[in-house]
Amino acid sequence: MKIKLFYLIACALFTTITNAQTYAKNGMVVSDNSAASKVGTEILKKGGNAIDASIATAFALAVTHPQAGNIGGGGFLVFMKSDGNATTIDFREKAPLKATTNMFLDKDGNLIAGSNHNGLQSVGVPGTVAGLYMAHKKYGKLPWASLVQPAVDLAENGVPLSYTLYKHALHYKKESEFMANYFTNEKGEITQMDEIWKQPVLAATLKEIRDNGKDGFYKGKVAKEIARFMKKNDGLITLKDLAKYEAVERAPLKGTYKGHDIFVMPPPSSGGVALLEMMNIMELADFNKAPFNSTPYVHLVAEAMRRAFADRAEHLGDPDFNLNMPLEKLTSKEFAKNRYNNIDWQKASVSDSTKYGQIYDGTNTTHLSVLDKDGNAVSLTYTLEHSYGSRLGSPKLGFIFNNEMGDFNPQPGYTNSKGLIGSAANIIKPEKRMLSSMTPTIVAKDGKAVLVIGSPGGRTIINTVFQTVLNVIEFDMPIHMAIETMKIHHQWLPDRILYERGLLSPDTVKALEAMGHTMEPRGQLGRLMGITVDSDNKVYVGASDSSSPDGGAVGY
Ligand code: GLY
């Protein structure tokens, strides 16, 4: 009780809550764009299940939230059925067949700065359409065409350009010829704020997908144009890469926390493993001695993050290329005990820069959470890597290619404290999936989903989802508060704590510095989209992060 009172006071002091919660009895969709959430909710109203709604929402986001919503990228979907069983779909991009381990290095073996995130060679073979199609085939109820059609309509009829997208239009037009034409109207001028923005070329591509399913993207007209465009402009992706691409259904990783089950992605996302490791560490803590937002609490959370990210860097990569990853060990309670026991409560540990570190990760991913009337839940995160990915695309196709090749370790064997990891698990190989931090998560109690959550934010995803899960199930926070309240981020290397400016008391910051932590303020961490269930009243409670300018929770 004391803890709850403390956090309520702490939240009142340190949190600016600008976002209301949305309540619904029958179904809920939360995403980075309220028009896309509405599309998903309409699908639920028509008798679609959570899978149907997530597919329709994801296609709609490819139109209305083009900075990360996509058909040219990839992602992960966690699905928990109302019977308590869970599964996942991995539709992460793959390295093209022509990719090589040293493709981003100069003749001396050093990384050519920026090369792994720029140009068509940074594009991984897209997985989104294959993943959504697999979800539909295995678990959907409504016809495929009815799930793609709302996105076709949004692209064809247009949407009012939001303030955010208008600012993006002005900013990104300098990036490439494709982006210069991307936000234009029929006169070829940049679409103004609130003016209707139409995407007829994208609509035509979506119609191919609507009418031909997965083959509408990976074979036929669209595939031929992708391959032609790549060949002409020095890209690597061929018709063979596209025809070979398959999404993969994988068993979820399952962890527990004080009577809750937690379902997450296995690799090639690192998010699930790291989240479970950190939750196991937190389960050992006495929060009377480390109350929410106190100095010992932030220290403990940061030390848990440091350890989980070191293990992530050392061990994780594509499971199809790394057959002996110690997943069971990393997610075990026993391992967490070792990790917990070597935390010094008086001082910060030191991340050893001769071992493992980080590569720069894009922060513009997007997440959607869905719950349907029967209690089926979908947690889906997908991405183009950077905002607007590679900022490249074919003018004949109207969608943006990812730059996900940047998520591989580009320089084998070279790890430094500033930014590079060189561990073998995540080096480039043809057809390999690059390691991800996406952390779509479903928490269940007594076999029923009670929390569906995820976030964009590159490597910060793991930590913002971790803290939100902890806020809901340890500190009993309502979903909007769990999302909005103070978050920190530590990722082993660089050895520093990022914290949300204004949300941690200056005294706490000083006390943490005195313990040896380097403290760096940031504007915001994460952009969480979540749904909780008030099981007593059978009410769904949704919230989209107030940092998502166009986001929305839509229920019915
Ligand atoms: N591109 C960000 C991630 O996959 O983590």
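The values are calculated or read from the model by the stated rules, or taken from the named source; none is laboratory data. This is a predicted model, so every value here is computed, not measured. Methodologically, a virtual Cβ is constructed for each residue, glycine included, from the backbone with ideal geometry; neighbour enumeration extends over all protein chains shown. Ligands, DNA and RNA are stripped out before the accessible areas are found, and what is left, the full protein with its side chains, is counted by its heavy atoms. Shrake-Rupley method; radii C 1.70, N 1.55, O 1.52, S 1.80 Å.
Tabulated data for the structure shown
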item	result
Any hit, region 342-353, residues being part of a helix (DSSP H, G or I) and open to solvent by less than 50 Å² (accessible area, probe 1.4 Å)	no
Any chance Ile237 is outside any helix (DSSP H, G or I), surrounded by 18 or more Cβ atoms within 10 Å (Cβ to Cβ) and at pLDDT 95 or above	yes
Single match in Glu156, Glu93 (criterion: open to solvent by 40 Å² or more (accessible area, probe 1.4 Å) and of a type outside the set (A, V, I, L, M, F, W, C))	Glu156
Given (1) in contact (Cβ under 8 Å) with a residue 60 or more places away in the chain; (2) within 16 Å of the ligand (Cβ to nearest atom); (3) open to solvent by less than 10 Å² (accessible area, probe 1.4 Å), number of the condition Ile442 does not satisfy	(2)
Any chance Ala302 is more than 24 Å from Lys254 (Cβ to Cβ), in contact (Cβ under 8 Å) with a residue 60 or more places away in the chain and not polar (S, T, N, Q)	yes
Region 445-462, residues that are in contact with a helix residue (DSSP H, G or I) (Cβ under 7 Å, 6 or more places away or on another chain) and within 12 Å of the ligand (Cβ to nearest atom)	Gly454, Ser455, Gly457, Ile461, Ile462
When residues of region 245-267 are limited to those that are in contact with an Asp or Glu (Cβ under 9 Å, 6 or more places away or on another chain) and farther than 27 Å from Tyr340 by Cβ, the one farthest from the ligand (Cβ to nearest atom)	Glu249
Per-region count, region 419-461, residues in contact with a strand residue (DSSP E or B) (Cβ under 6 Å, 6 or more places away or on another chain) and of a type in the set (A, V, I, L, M)	11
Failed condition for Ser436, given (1) more than 13 Å from the chain's Cα centre (by Cα); (2) within 11 Å of the ligand (Cβ to nearest atom)	(1)
Options Leu284, Leu330, Leu242: the member that is away from the ligand (no atom under 16 Å from the Cβ), crowded, with 17+ Cβ neighbours inside 10 Å and without any contact (Cβ under 8 Å) to a residue 60 or more places away in the chain	Leu330
Qualifying positions in region 84-111 - among the basic types (Lys, Arg) and in a strand (DSSP E or B)	Lys94
Meets criteria (part of a strand (DSSP E or B), crowded, with 24+ Cβ neighbours inside 10 Å and either at pLDDT below 95 or not hydroxyl-bearing (Ser, Thr, Tyr) (or both)) for Gly69	no
Residue that is within 24 Å of the chain's Cα centre (by Cα), modelled with pLDDT of 95 or more, closer than 20 Å to Leu132 by Cβ and outside any helix (DSSP H, G or I), where the choices are Val39, Val29	Val29
Residue that is surrounded by the fewest Cβ atoms within 10 Å (Cβ to Cβ), among those in region 514-528 that are in contact (Cβ under 8 Å) with a residue 24 or more places away in the chain and closer than 23 Å to His480 by Cβ	Arg522
Condition check for His489: away from the ligand (no atom under 12 Å from the Cβ) and in contact with a Leu (Cβ under 6 Å, 6 or more places away or on another chain)	yes
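For (1) buried (at least 24 other Cβ atoms within 10 Å of the Cβ); (2) more than 11 Å from the ligand (Cβ to nearest atom), each residue gets a yes or a no:
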{"residue": "Ala377", "(1), (2)": "yes, yes"}
{"residue": "Thr383", "(1), (2)": "yes, no"}
{"residue": "Gly393", "(1), (2)": "yes, yes"}
{"residue": "Phe401", "(1), (2)": "yes, yes"}
{"residue": "Glu404", "(1), (2)": "yes, no"}
{"residue": "Pro412", "(1), (2)": "no, yes"}
{"residue": "Ser417", "(1), (2)": "no, yes"}
